[in-house]
Amino acid sequence: METSDQAIELAEIGADAVAAIAGLHAACFDTPWPADDLHALFKANPLWALGAADCAWRTGRELQGAVIVRHVLDEAEILTLGVRPRCRRRGIARALIRAMQERLRGQGGGRLFLDVAADNSPARALYDDLGFRLLDVRKGYYGRPGGRSADAHVLSWEAADII
Ligand SMILES: CC(C)(COP(=O)(O)OP(=O)(O)OC[C@H]1O[C@@H](n2cnc3c(N)ncnc32)[C@H](O)[C@@H]1OP(=O)(O)O)[C@@H](O)C(=O)NCCC(=O)NCCS
């Protein structure tokens, strides 16, 4: 699959890619997501999952970015999105989310939503850019070192929205 507006290759990923996804996750987030837990997630849920660049998990090279979405009827929740630090600001995340938006449109409509930390400026800017709207604020939802916390922003995008 190649997105319409950028030369970034995206491909479906599944339970056979959990080791590569766990490695990518470790490069993107402080909290690990073990491959076994990812495997169970793939087995137990209806997921759309896309990886970016080179079909890396098949050739032993690194997965550069990925998104995993759980969908039920016309509701789709972004469970995780990450792009390897050295691959950022090349439009990979935008391509991954746009592909999910196009998928929802392709099935006749629906809503894409997620939680993101209010202080995650790159991700907030990305979702603003892609037409997501603030639905709710969960006060102090994310724990931070030193007993601090950050609010969660619940964001939503409707397939009928213009982006
Ligand atoms: C957030 C994240 C996925 C963005 O990935 P990316 O591939 O670098 O994003 P893109 O290159 O597609 O950026 C698209 C737009 O998002 C916004 N954006 C992305 N990173 C940004 C940053 N560091 N600062 C400001 N805006 C940013 C910009 O509007 C950007 O468009 P532009 O480059 O034309 O200005 C990446 O920084 C990441 O993996 N972070 C750690 C994990 C994480 O926070 N995941 C999201 C959890 S909900």
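Since every read-out is calculated from the coordinates, none of them should be taken as a lab result. Since we're looking at a predicted model, the values are computed, not measured. Because the Cβ atoms are built from the backbone with ideal geometry, glycine has one as well, and the counts that use them run over all protein chains shown.
Observations on the model:
- If the chain linking residue 141 and residue 27 were pulled fully straight, counting 0.36 nm for each residue of separation and taking away their Cα-Cα distance, it would gain 38.8 nm.
- Taking amide H positions as modeled 1.01 Å from N, with prolines and chain starts lacking one, the residues under 5 Å from residue 149 and 5 or more places away or on another chain are 144.
- Values of log10 I(q)/I(0), in the order q = 0.15, 0.21, 0.25, 0.28 Å⁻¹, for region 102-163 under a Debye, Cα-only, solvent-free model: -0.50, -0.81, -1.00, -1.13
- For region 10-158, share of DSSP beta bridges that run antiparallel, in % to the nearest 5: 90
- Averaging the sequence gap over all C-alpha pairs within less than 8 Å and six or more residues apart, then dividing by the number of residues, gives region 10-158 a relative contact order of 17 percent.
- Residue order, fewest to most surrounding Cβ atoms within 10 angstrom, among 136, 119: 136, 119
- Under 5 Å between amide hydrogens, built in the peptide plane, is the criterion, and for residue 13 it picks out 49, 50, 51 among residues at least 5 positions away or on other chains.
- Karplus-derived 3J(HN,Hα) values for region 62-77, using 6.51 cos²θ - 1.76 cosθ + 1.60 with θ = phi - 60°, are 6, 7, 8, x, 7, 9, 10, 10, 9, 10, 9, 6, 9, 10, 9, 10 Hz; glycine and proline are entered as x.
- Unit Cα scatterers, Debye sum, region 10-158: log10 I(q)/I(0) for q = 0.10, 0.13, 0.16, 0.20 Å⁻¹: -0.34, -0.59, -0.91, -1.40
- Derived scalar couplings ³J(HN,Hα) [region 95-108; Karplus, 6.51 cos²θ - 1.76 cosθ + 1.60; whole Hz; x for Gly, Pro]: 5, 5, 6, 4, 4, 5, 4, 5, 5, 5, 4, x, 9, x
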